[in-house]
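Structure, as structure tokens:
Only the coordinates and a few stated rules stand behind these numbers; no lab work does. Source: prediction; values computed, not measured. Cβ placement follows ideal geometry from the backbone for every residue including glycine, while neighbour counts extend to all protein chains displayed.
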Amino acid sequence: MKRCPKCERSLALYAFNKDKSLPSGLACWCRECTKAKNKAFYEAKREERCEKQRAWHHANPEKARANMRRQYQRNRTTRIAEAVRVKQQMDPEKRSAASRRHYERHRPQILERQRRYAGQTRRSSAPRPRLIVNSSNAPRHLGSTSRRS
């Protein structure tokens, strides 16, 4: 048993974090008190930390973009696999409800996008030239004037 000076409770040794710099090898405060102190510090410094990060991103846009790309590439397969797994495990009714909530939350943007792209199709109305391969394995477009024999 060890006493926490912050909350003044006597707790089992496993309720304290390790700290090799102290003779006992355990931190002075219990885990709960330490967690509360860290959370308070984090919340108190949150705005300052965010402002510092914003300033760095503004001063170094290329590095920031490179870092984001690197992080995305590092976690890409994990994130995709997790999204697929969650979607497969999700109950169809819950998925439908989530879809409705998403629509209600983003309704103005969705309607604006629909208005912007109304009447447009994914493919252009002009037919695309088909690519064929002739006997010499050189690609050419159908309907072109030059023909190889």
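Taking a ≥ b ≥ c as the square roots of the eigenvalues of the Cα gyration tensor, region 2-44 is classed as oblate, since a/c reaches at least 1.5 and a/b does not exceed b/c. Listed by chain and number, the aspartates and glutamates whose C-alpha is less than 14 Å from the C-alpha of K6, apart from same-chain residues fewer than 8 away, are E32.
Straight-line reach from K52: taking Cα to Cα under 16 Å and skipping same-chain neighbours fewer than 8 places apart, the lysines in range are K63. Under the combined filter of DSSP loop state and at most 12 neighbouring Cβ atoms within 10 Å, region 23-64 retains these trypsin sites (Lys or Arg not before Pro): K45. Residues in region 13-25 carry Karplus couplings, in order, of 4, 5, 7, 10, 6, 7, 8, 5, 6, 9, x, 6, x Hz; the curve used is 6.51 cos²θ - 1.76 cosθ + 1.60 with θ = phi - 60°, and Gly or Pro positions show x. Between L13 and Q120, the modelled labels are 6.9 nm apart [label points 7 Å from Cα along Cα→Cβ].
Here's how it looks for R9: its modeled amide H is under 5 Å from those of C4, which are all 5 or more places away or on a different chain.
Here the 3J(HN,Hα) profile of region 80-92, calculated from phi with Karplus coefficients 6.51, -1.76 and 1.60 at θ = phi - 60°, is 5, 4, 5, 5, 5, 4, 5, 5, 5, 7, 5, 5, x Hz, Gly and Pro shown as x.
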